[in-house]
Amino acid sequence: MTTQHENAAPRPRTVEVAFWLSVVSALSAFVSLAYFISLRQDMLDSLTAAVQQLDAVPPERKQDFVENAVNLSITLAVIVVGAVGVLLLVFAFMMRRGRNWARIVLTIVAVLGLGGMTTNVNGVVLSSPGPLALITFFVNVAVIVLLYVPPSNRYFAEHRLRGQA
């Protein structure tokens, strides 16, 4: 008597490496989040200076306004990055199990990550990204390539034919 697991296509090394690189990419989001949180005092100082120049907030409320704005930014970043990071890990595990839809989702996320290297934040062009961004860029390129080389394509096609994807 054979089980469904015994009949499953063997996982190629390309899929296994793409899985681990996807995990690295997801974990880099958490590292970036930690770095963002560590910049809290810089954010407070910059926003305080901007609020002072604009004179748009009553003087007695400026400090509360600045602290609330920075705290909200950090809270939103924790929620969004935390959720996205966890979802990326779930998608990586599903891709590893042969789910083609998860492979497509990881591809889309990786492509969007590549685009993040050429975008800007608050009008500042990210023309010289930091080391973590460069590493993540190359990891995303590798994930995309590895997910679509012939051994990976066969693996996902076999799972799709068996109705497991």
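Values quoted throughout were computed directly from the atomic coordinates according to the rules given, and no laboratory measurement underlies them. Quick caveat: nothing in here was measured; it's all calculated off a predicted structure. Because the Cβ atoms are built from the backbone with ideal geometry, glycine has one as well, and the counts that use them run over all protein chains shown.
Label-to-label distance, GLN41 versus LEU132, with points set 7 angstrom from Cα along the beta-carbon direction: 1.8 nm.
Pair-distance distribution P(r) for the range 12-160, from all Cα-Cα distances in 10 Å bins starting at 0: 11, 32, 27, 16, 9, 4, 1 percent.
Rounded to the nearest whole Hz, the Karplus-based 3J(HN,Hα) values (6.51 cos²θ - 1.76 cosθ + 1.60, θ = phi - 60°) of the range 24-30 follow the sequence 4, 4, 5, 5, 5, 5, 5, with x at glycine and proline.
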